[in-house]
Amino acid sequence: MRFRFRPLAAVCGVALTALTLGSIEAAAVSAAKKAEAQTLLEELIPYRTAKGHGQVPALIDHLTEILKEAGFKSEEIVRLPLDIDGERTEGLVVRFPTKAINNLAPVVFLAHMDVVDAIPENWETDPYVPQIRDGYLYGRGAQDNKFGVALLVSTFANLKKEGFEPQRDLVLAFAGDEETGMLTTREILKHPFVRDAEYALNSDAGGGTMTKDGQAVAFSMQAAEKTYATFHLSTKSSGGHSSVPRPENAIYDLARALISVESIQFPVQFNEITRSMAAAVAEREGGEVGKALTSLLKDPGDQEAIAVMDAYPQYANMLWTTCVATMLKAGHAENALPQDATAVVNCRILPDTGGVKQVKSVLSAAIANDDVIIEDQRLSVESPASPIREDVLATLQAGVAVNYPGVAIQPTMSSGGTEGREYRSAGIPTYGAGSLALVRPDDSRAHGVNERIPLKSFHREMDYWDYVVRRVGQGARE
């Protein structure tokens, strides 16, 4: 099916109407297969795949065994080793080949195998020993993003055993360092199984919200994300004895620079996705938030509305670029004047608004002091927003309807970062996929303590991915 573009509101309306009519049919995955997927997730959690522990290759050994047992050939399972800071990690690419002769490009399914390390003494459970409590599975990576690895591997393995024959190549692409650099992602993007993909579906960037009694509220499809950029601000002075203060002081100079950064107000800027997000939040929240967002949609320069939204950072971050001080280092002795002072300023930049270079110039103009050195840190990958495709949105909307009929997907922009940025930068449109329903904020524990996943939601995800993979491979029953 060749895709067409329509205005976002029209696309969402078409998809939701189809779901309301109940035209989507999907076969439920058996309880036994869901139990196997849960077991796989429990087997993955003990691998301490945080940077510095060298466990990604061992986890891939485990996945490779499962995939080969399901029938995937050795040449269809590709490991991409990479040495990063003296540690070996790997990316994994798995091809589910088509036998059809057509011009359909591959579709790639993303997840990442690495995790942010956990501090065991801060947890109620051992983060690397899976435990089940009150319907939740606890463990580092249970939510971010080993659940995605387990679900996708289980789905591919089940379909392979069943004899499913896709009408296009379907590809798994699992990064080994998504949390720390995404260098394996860049290696994956060079591979011929991936580089010519039509689009990618990212299991690390979809999902939804439910109430404590299990009522679905909303689901998202990430189609854009802010650019991650870090700057070091540094100052120097000659130092000296603390008993003889001088007008020049590296700490005070840096402090004044940071106050200037704090005062920066980036303009409100909308794209197709954030305009839709703002309208949805305005309708859902109402009150002063709804009024302010409605005003900004009409007039992005409305200062009264901007002042209101400043008090709601959980919504305001979709409206403008942000820069914030996150780290400080200064001085070398308590009885000496500082010779050096450095601050880290982290920025999250709206897509298609000028990028890192433009933000750096804004910082420089606000600080207005040539003695404050502003330096870019790490490589900041800027990526465009993915176009809202009618076919992709309809597929993911129907996937959500398998478990949560009548609840519309909202295309979103993430303020945080995923490897979707790397794919978009490489020219592969990427969309957050999944219907994992969480009670927020209680279940939003990725990167934090006591990370967990509701098992009922996890089991439902097996039905979601079975449907979505079949439909993308043009094998779904409708």
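Give the cross-link partners of Lys51 among the aspartates and glutamates, using a straight C-alpha distance below 17 Å as the criterion and excluding same-chain residues fewer than 8 apart.
List returned: Asp83, Asp85, Glu87, Glu90, Asp114, Asp117, Asp144, Asp177, Glu178, Glu179, Glu419.
Please compute the per residue accessible area over the chain with all protein chains in place, 1.4 Å probe, rounded to a whole number of Å².
Accessible surface, normalised per residue, equals 44 Å².
Taking the highest mean first, how do the peptides 388-401, 299-312 order by number of other beta carbon atoms within 10 angstrom per residue?
Values: 388-401: 23.1, 299-312: 14.5.
Top to bottom by mean Cβ count within 10 Å: 388-401, 299-312.
For the residue pair Gln167 and Asp85, what label-to-label distance in nm results when each label sits 7 Å from Cα along the Cα-to-beta-carbon direction?
4.7
Place a point 7 Å from the Cα of His332 along the Cα-to-Cβ direction; which residues of segment 214-241 have their backbone N under 16 Å from it?
Counting backbone N atoms under 16 Å from the label point, the list is 235-241.
Angle, helix 287-298 long axis vs. longest principal axis of the chain, Cα atoms, 0 to 90°, nearest 10?
Taking Cα atoms only, the helix is inclined about 90 degrees.
Take every Cα-Cα pair in segment 302-341 and report what % of them are more than 13 Å apart.
In whole percent, the share of Cα-Cα pairs in segment 302-341 beyond 13 Å is 68.
Check the straight Cα-Cα distances from Lys226 and name the lysines below 21 Å, setting aside those fewer than 8 residues away within the same chain.
Correct list for Lys226: Lys357, Lys360.
Could you tell me what percent of the accessible area of the chain is made up of carbon and sulfur, with a 1.4 Å probe and every protein chain present?
With neighbouring chains kept in place, the figure for the chain is 51 percent.
Between His241 and Leu104, what is the label-point separation in nm under the 7 Å Cα-to-beta-carbon projection?
Result: 8.1 nm between the two label points.
Is there a quick way to get the dipole size of segment 149-215? I mean about its Cα centre, with the Cβ of Lys and Arg at +1 and of Asp and Glu at -1; what is the value in debye to the nearest 20? The partial results should precede the final answer.
Details: 7 positive and 11 negative charges, 23 e Å.
Result for segment 149-215 is approximately 100 debye, rounded to the nearest 20.
For segment 28-103, compute the orientation-averaged projected area of the C-alpha convex hull (one quarter of its surface), in nm². Could you put the intermediate results ahead of the total?
On the way: hull surface 29.8 nm².
Its Cα hull, projected and averaged over all orientations, spans 7.5 nm².
When the Karplus curve 6.51 cos²θ - 1.76 cosθ + 1.60 is applied with θ = phi - 60°, which whole-Hz ³J(HN,Hα) does each residue of segment 387-393 get, with x for Gly and Pro?
For segment 387-393, the Karplus-derived couplings read x, 7, 8, 4, 5, 5, 4 Hz, x marking Gly and Pro.
For the pair Glu283 and Arg133, how long in nm is the line joining their label points, each one 7 Å along Cα→Cβ?
A separation of 3.9 nm, rounded to one decimal place.
About its Cα centre, how strong a charge dipole does segment 252-318 have in debye, to the nearest 20, once Lys and Arg get +1 and Asp and Glu get -1 at the Cβ? Walk me through the numbers before you get to the answer.
Working: 5 positive and 10 negative charges, 22 e Å.
The dipole magnitude comes to about 100 debye.
Tell me, what is the percent relative contact order of the chain, built from C-alpha pairs under 8 Å that lie six or more residues apart?
25
Taking 2.2 N^0.38 Å as the expected size of a compact globular protein, what ratio does the Cα radius of gyration of segment 169-258 give against it, to two decimals?
Working: Rg = 24.2 Å, N = 90, 2.2 N^0.38 = 12.2 Å.
Working it through for segment 169-258, the quotient is 1.99.
What is the distance in Å between the Cα centres of segment 117-166 and segment 296-362?
35
For segment 267-282, what does the Karplus curve 6.51 cos²θ - 1.76 cosθ + 1.60, with θ = phi - 60°, yield as ³J(HN,Hα) per residue in whole Hz, taken in order and with x for Gly and Pro?
Those phi angles translate into x, 6, 9, 10, 10, 3, 6, 5, 5, 5, 4, 4, 5, 5, 5, 4 Hz.
Dipole of segment 368-478, Cα-centred, from +1 at each Lys and Arg C-beta and -1 at each Asp and Glu C-beta, to the nearest 20 debye?
Once rounded to the nearest 20, the dipole reads 680 debye.
Could I get the Rg over Rh figure for the chain? Both from C-alpha atoms, Rh via Kirkwood, rounded to two places. Kindly include the intermediate steps, with their values, before the conclusion.
Details: Rg = 23.9 Å, Rh = 23.9 Å.
Ratio of gyration radius to Kirkwood radius: 1.00.
In what sequence, highest mean first, do 196-203, 276-283 appear when ranked by Cβ atoms within 10 angstrom?
Listed from highest to lowest mean packing, they are 196-203, 276-283.
The values are calculated or read from the model by the stated rules, or taken from the named source; none is laboratory data. Quick caveat, the model's predicted, so the values are computed rather than measured. As a convention, Cβ positions derive from the backbone with ideal geometry for all residues, glycine included, and neighbour counts pool all protein chains shown. Accessible surface is based on the protein model in full, side chains and every heavy atom, while ligands, DNA and RNA are left aside. Shrake-Rupley method; radii C 1.70, N 1.55, O 1.52, S 1.80 Å.
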